[in-house]
Each structure stands twice: as C-alpha cells, then as structure tokens.
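Asks: Please read through the structure below; I'll follow up with questions.
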Amino acid sequence: MVDAVIAIPTYRRPEGLHRLLTSLQPSLARHRVRVIVGDNACDAQTRGIVEAFARHYPETWYLPVPERGISQNRNALLDAFRAMPAVPWLGMLDDDLVAPPHWLDCMLVVAQACDADVVGAPYVIETGQRRVSRLVRNSILLNRPNHATGPIDVFYAGGNMLIARRLLLAEPLLRFDTGLGKSGGEDWEFLTRARSRGARFAWSAEALCHEDFPLERASARYVFGRYYSTGNTMAHVDRAQRGRGPVLAKVTRRLIASLLRMAVHLARADVDGAIRRGLDSAWAVGGLSGALGFWKSERYR
C-alpha cells in the first residue's frame with residue numbers, strides 16, 4: 001500500500017524539477033510514495049528527467065498534460081490520484097521548491113494529529129548574497145505568512161500542501177477552476193471552496209520549503225503588477241462566490257485605509273511603512289477592478 005502520492009505540476013522548469021525531485025529522496029526512502037509529475041509543456045527534456053529519476057525510484061510517473069493552464073495540470077493530477085485505490089494522502093509541491101529531508105514526515109504527523117483534511121506549509125525565498133531592493137524586501141516575496149504548527153482556520157496558497165483522500169472523493173468533486181488556469185489564484189479558490197464545505201485545515205511550520213526565485217527580475221513593475229493581479233483575481237473569485245456589493249465594499253474600504261496609512265507613514269518619514277501600504281494599495285486597486293467586473297490576467301502563458 002502507498003502511504004502518499006506526491007504530485008508536481010511543472011511547466012518548462014527542468015532544472016527546478018530536478019532539484020525538487022532530488023530533495024524528495026529522503027522522504028521516498030522512509031515512506032511508500034508514488035511521485036507523479038504533470039508536464040504542461042509535454043517536453044522531452046522534462047520527460048527525460050522524470051524517467052531518469054524513475055530508474056532509481058520506480059514509483060515515479062510522467063503525466064503529459066497538453067491542455068495549457070495550471071488548473072488543468074492540477075486537475076489531471078487529481079484525476080490520476082483518484083484513480084488509485086486506497087492512497088490516503090495527496091501532496092502537491094510547486095516545481096520551483098526544494099523540500100527539506102523531513103518534509104513528508106512533518107506533513108503526515110500534523111495531518112494525523114489534527115485529523116486535518118488539508119495541511120499547508122510555508123515556503124521562502126532565500127536572498128543569500130543577492131542584492132535586494134527596498135521594494136522587494138517589503139513585499140510578499142520575502143514576507144509570506146507563517147503560522148504555528150497545528151490547526152488553523154484556512155490558508156490560501158497551494159504550492160506546499162497535503163490533501164486527504166476523503167476530501168477529494170467527497171461529492172461534488174473538488175476541482176481547480178480552469179478559468180483561472182492562466183491567471184493563478186486557482187489554489188485560493190480551491191481552498192476557499194474546501195473551507196466552505198467544512199474542511200479542517202492545519203499547518204506544518206517545520207515542513208518549510210525553499211523557493212528558487214530570480215529576485216534580480218523583481219522590478220518595481222513586476223512587484224506592483226503582481227499585487228495588482230493578485231487583488232484583481234481574488235476579487236474576481238470572491239465576487240463569483242459572494243456577489244458584487246460585499247466585495248466592492250470590502251476592497252473600497254481597504255483602498256481608502258491603505259492610502260490613509262501610506263500618507264501617515266510618509267509624514268513620519270517611514271519609508272518602509274509607506275512602501276508596504278503602497279503595495280497594499282496596488283492590491284486594492286486590482287481588487288476594485290475585479291469587483292467591478294474588469295478581470296483579465298495571463299500570468300501563466
């Protein structure tokens with residue numbers, strides 16, 4: 001019997017995929033694990049990396065996913081998992097992460113101790129010796145939320161998570177929204193719907209992964225654009241679930257509060273605080289646009 005499946009959606013990141021697979025070796029040595037790599041590029045180089053890894057770990061599958069989109073890739077991995085009998089857990093890891101040696105141990109311990117349906121865990125970008133702008137230092141890139149290990153209300157990023165089979169088999173079947181396949185936000189929408197069904201969430205702070213991200217490319221345009229597009233997509237999803245009025249009121253309040261706080265920080269010559277509130281304002285502007293029905297994002301092309 002297989003203890004867990006580790007599913008990895010990938011798209012044209014052969015070097016990152018190789019690093020991630022290598023980092024999973026300790027988990028594969030201690031548990032009965034099947035690895036499935038969903039390749040959204042159907043690329044010969046990616047297939048070669050997976051097949052080379054499978055020579056050492058035969059329970060490694062290559063799954064070509066020709067329909068483009070991160071949601072489409074994730075759904076193909078869900079379908080492959082559901083077709084396997086009696087595997088209790090599905091792990092999902094982004095292809096730009098490196099997992100710690102005890103990754104699966106930590107995730108399973110928390111899942112079982114909390115009787116959780118979904119377990120999340122953090123991932124961070126290491127700056128190392130790289131020069132980082134003040135804008136990036138104050139952005140979500142280097143300040144992602146973390147939590148104490150144990151039960152939590154919910155989390156919204158699906159790059160490092162473990163999902164119980166019972167949740168994925170419950171009718172109607174949970175799937176990732178294919179309309180968000182090129183924008184991102186599909187994990188936020190999926191987890192929000194799981195929460196609305198009463199799913200129990202937990203967090204494993206010890207299952208910390210490291211993300212390989214080119215900080216050198218994080219220009220001001222990229223950072224502000226990412227905040228805008230995130231707010232835009234989240235409001236678009238929220239509007240579909242709650243209606244236009246409540247979401248419009250929510251993002252309008254956030255925009256006004258962010259602008260007022262930014263003015264206070266500027267008056268106090270608090271540059272870092274002003275930057276953070278400016279980024280939050282960009283999120284709120286995107287949210288306002290999404291709440292009004294203006295939504296178009298092609299983050300994953």
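Laboratory data are not the source of any read-out in this text; all were calculated from the coordinates shown. Only a predicted model underlies this, so the values are computations on that prediction, with no experimental measurement involved. Don't worry about glycine lacking a Cβ; one is built from the backbone with ideal geometry, like all the others, and counts go over all protein chains shown.
Asks: For a quick check, take a GNM of the chain with Cα springs below 10 Å and name the residue from P246, P100, P26 with the largest mean-square fluctuation.
Replies: Among P246, P100, P26, the largest GNM mean-square fluctuation belongs to P246.
Asks: Which angle from 0 to 90°, rounded to the nearest 10, does the C-alpha axis of helix 271-291 make with the longest principal axis of the chain?
Replies: 80 degrees
Asks: A further question follows. Counting other Cβ atoms within 10 Å of each Cβ, which GluC sites (Glu not before Pro) in the stretch 1-72 have at most 12 and sit in a DSSP loop?
Replies: Qualifying residues, ordered by number: E67.
Asks: For the stretch 220-291, with only Lys/Arg (+1) and Asp/Glu (-1) charged at the beta-carbon, what is the dipole magnitude about the Cα centre, in debye rounded to 20?
Replies: Taking the Cα centre of the stretch 220-291 as origin, the dipole is about 180 debye.
Asks: A further question on this structure: So what's the angle, to the nearest 10 degrees on a 0 to 90 scale, between helix 220-242 and the longest Cα principal axis of the chain?
Replies: Orientation of helix 220-242: about 80 degrees from the principal axis.
Asks: I've got another one for you. Using alpha carbon centroids, what distance separates the stretch 50-112 and the stretch 127-174, in Å?
Replies: Taking the Cα centre of the stretch 127-174 as reference, the centre of the stretch 50-112 is 17 Å away.
Asks: Related question: Taking the Cα-to-Cβ direction at T127 and at C42 and moving 7 Å from each Cα, how far apart do the two end points lie in nm?
Replies: Reported label-point gap for T127 and C42 is 4.3 nm.
Asks: Let me ask you something else. Within 10 Å of each candidate Cβ there may be at most 13 other Cβ atoms; applying that plus a DSSP loop requirement, which trypsin sites (Lys or Arg not before Pro) in the stretch 106-207 survive?
Replies: R130, R131, R197
Asks: Subtracting the Cα-Cα distance from 0.36 nm times the residue separation, let me have the gained length for E51 to R197 in nm, one decimal.
Replies: Separation in residues times 0.36 nm, less the Cα-Cα distance, equals 48.7 nm.
Asks: Looking at the square roots a ≥ b ≥ c of the eigenvalues of the Cα gyration tensor of the chain, which shape do they give, rounded for a/c under 1.5, prolate if a/b is larger than b/c, or oblate?
Replies: Details: a/c = 1.74, a/b = 1.51, b/c = 1.16.
Prolate is the answer for the chain, as a/c is 1.5 or above and a/b outweighs b/c.
Asks: Quick check: residue separation of E59 and R244 times 0.36 nm, minus the Cα distance between them. What number comes out in nm?
Replies: 61.9 nm
Asks: Oh, and also: Measure nothing fancy, just the Cα-based angle from helix 14-23's long axis to the longest principal axis of the chain, in degrees from 0 to 90, nearest 10.
Replies: Here the helix axis deviates by roughly 70 degrees.
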